[in-house]
Amino acid sequence: MKIKLDVFFTVFFFVFIVLDYFIGFEKYIPNYYILVLNSWILLYVFDVIGDRKKIKNTPKNEMRINSNNDNYFAVLPFIIGAIIVFVSCIFFLVNKNFALSIILFIAGIANILRGIYFIPSALIRKEDSQLYLENGKVKKTIPHEQIESINCSSRDIKFILKDETSYIFSHLELNEMTITKINDFINTSR
């Protein structure tokens with residue numbers, strides 16, 4: 001079973017925090033918390049760079065569209081980033097702690113960039129002769145030859161199949177331009 005890298009880092013980070021609570025790494029490693037904070041920010045910056053590369057190198061057989069929760073998750077990094085930048089300025093002015101201020105400032109800017117390079121969570125991908133749909137935990141594969149027609153609305157995509165059944169790809173946030181792109185994308189593969 002293939003484990004995603006972000007899941008691995010999340011589990012590793014959680015285990016590391018629990019170990020730090022019981023062992024107290026600060027006793028053994030000088031400036032331990034500064035090292036952890038710098039490492040965290042560095043990983044966050046690399047994550048932002050990775051998101052930027054994903055946006056620039058989107059495969060031709062893949063289309064990302066907004067789900068209902070994407071607006072919230074797209075705005076959240078801007079809010080958190082602005083708060084962190086503000087706190088970094090306060091630290092600099094009040095405590096004159098230049099190193100911590102710079103670290104927090106970089107973390108705030110990285111958060112803001114994460115909002116700029118936001119990747120929508122719903123996915124439509126053409127694989128061989130099948131259409132793969134994913135929105136969160138909901139995943140469905142539909143063979144192209146089984147699709148009779150497609151009806152898009154602002155909240156979902158309804159696939160009417162040849163065996164007189166249907167599948168609704170829901171919890172989406174679509175506008176007219178996106179609906180046109182979806183129809184073109186799906187119909188070019190049929």
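Quick notes on this structure:
- For the stretch 87-169, lysine pairs separated by 8 or more sequence positions, or belonging to different chains, with Cα-Cα distances below 19 Å total 9.
- Value of [θ]222 nm, deg cm²/dmol, for the chain, DSSP H segments ≥ 4, -39500 (n - 2.57) each, nearest 500: -18000 deg cm²/dmol
- Debye log10 I(q)/I(0) for the stretch 55-140, one point scatterer per Cα, at q = 0.17, 0.18, 0.21, 0.26 Å⁻¹: -0.75, -0.79, -0.93, -1.14
- For the chain, the relative contact order is 18 percent, taking Cα pairs closer than 8 Å that sit 6 or more residues apart in sequence and dividing their mean separation by the residue count.
- Rounded percent of accessible protein surface that carbon and sulfur make up, the stretch 74-183, 1.4 Å probe: 62 percent
- A compact globular protein would have a Cα radius of gyration near 2.2 N^0.38 Å; the ratio found for the stretch 111-179 is 1.26.
- The calculated FRET efficiency for the pair R155 and F92, based on their C-beta separation and a Förster distance of 41 Å, comes to about 0.35.
- All C-alpha pair distances within the chain, sorted into 10 Å bins from zero, spread as 8, 25, 27, 19, 13, 7, 1, 0 percent across the bins.
The values are calculated or read from the model by the stated rules, or taken from the named source; none is laboratory data. Computed from a prediction, not measured in an experiment: that's the story for all the values here. Please note: Cβ atoms are built from the backbone with ideal geometry, for glycine as well, and neighbour counts cover all protein chains shown. Calculation scope for accessible area: heavy atoms of the full protein, side chains included, ligands and nucleic acids excluded. Shrake-Rupley method; radii C 1.70, N 1.55, O 1.52, S 1.80 Å.
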